[in-house]
1. How much net charge surrounds V102 when only the other residues with a Cβ under 12 Å from the Cβ of V102 are counted, with Lys and Arg +1 and Asp and Glu -1?
2. What ranking of R105, R84 comes out by heavy-atom accessible area, probe 1.4 Å, highest first?
3. Order S224, S85 by their accessible area, 1.4 angstrom probe, all chains in place, largest first.
4. To the nearest 10 square angstrom, what accessible area does D69 show with a 1.4 Å probe?
5. Quick one: net charge of A217's neighbours, Cβ under 15 Å, K/R +1, D/E -1?
Amino acid sequence: MRERDGPGRGERRRRTGWRTGWRLPAPGWRRVVALRRAAAGLLALLAVAFLAAPGVAPAGTPVLVAARDLAPGVALGPADVAVRSLPPDLVPAGALGEPATVAGRQVVGGVRAGEALTDVRLLGPVAAVAAAGVPDAAGVPVRLADAGVAALLAPGTRVDLVAAGPEGSASGGPDPPEVTDGAVLAPGAVVLAVLPPAQRTAGSAPVVVVALPAGLAARVATVSLREEVTVTLR
């Protein structure tokens with residue numbers, strides 16, 4: 001018995017396989033792809049909106065800065081400082097954040113407007129330790145015998161403190177054997193601040209604050225109560 005005319009079995013299989021390989025995706029699969037694309041687009045829009053929103057910004061750290069240029073030795077008041085928010089990685093070590101903590105304190109050296117105020121920029125133990133380079137350093141105010149010498153001094157100047165006259169001249173008492181006229185009281189003192197003329201008592205000699213190790217600081221403080229002191233520049 002003859003087979004019907006037409007394509008053979010092998011040809012029918014090849015045609016069937018060609019149709020199967022290019023079959024269109026099922027409707028359910030197309031919906032899944034569409035949903036994924038829509039979700040990705042929505043996430044992209046949300047990211048753009050988040051970055052563009054003016055109220056969304058990285059949290060900052062409140063830091064005190066100088067509200068204006070400050071001269072060396074100026075006592076800080078409310079108009080001299082302002083609070084600024086800085087990114088945490090830009091906050092300097094020892095930065096101060098509360099205006100009440102600096103009220104009345106004097107700056108060490110000049111400060112530019114916008115400069116962050118740190119503990120080493122204000123008169124105190126931290127500034128003394130940083131200037132003298134020893135852990136027990138202290139700041140000592142001394143009254144200079146010559147007003148003209150004060151004009152030569154600036155924060156950071158290294159000087160030798162010298163007794164300007166007999167220690168007993170101001171009190172009428174005898175001179176201690178360890179202190180004589182012209183004796184070096186403390187070598188290598190570092191000037192922290194020179195008190196501005198506006199902050200001195202009328203007619204009084206200029207006052208300079210120097211950083212010294214604890215032992216020398218106590219000695220200089222005792223002598224400066226009874227007599228004026230002069231300095232030699234290094």
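The values are calculated or read from the model by the stated rules, or taken from the named source; none is laboratory data. Predicted model, so just to flag it, every value in this text is computed and none were measured. Using ideal geometry, Cβ is built from the backbone for each residue, glycine included, and neighbour counts are taken over all protein chains shown. In case anyone asks, the SASA skips ligands and DNA or RNA and just uses the protein heavy atoms, side chains included. Shrake-Rupley method; radii C 1.70, N 1.55, O 1.52, S 1.80 Å.
1. Numbers: positive: R105, R121; negative: D80, E98, D119.
That works out to -1.
2. R84, R105
3. Ranked list, largest accessible area first: S85, S224.
4. 80
5. My count for the surroundings of A217 gives -1.
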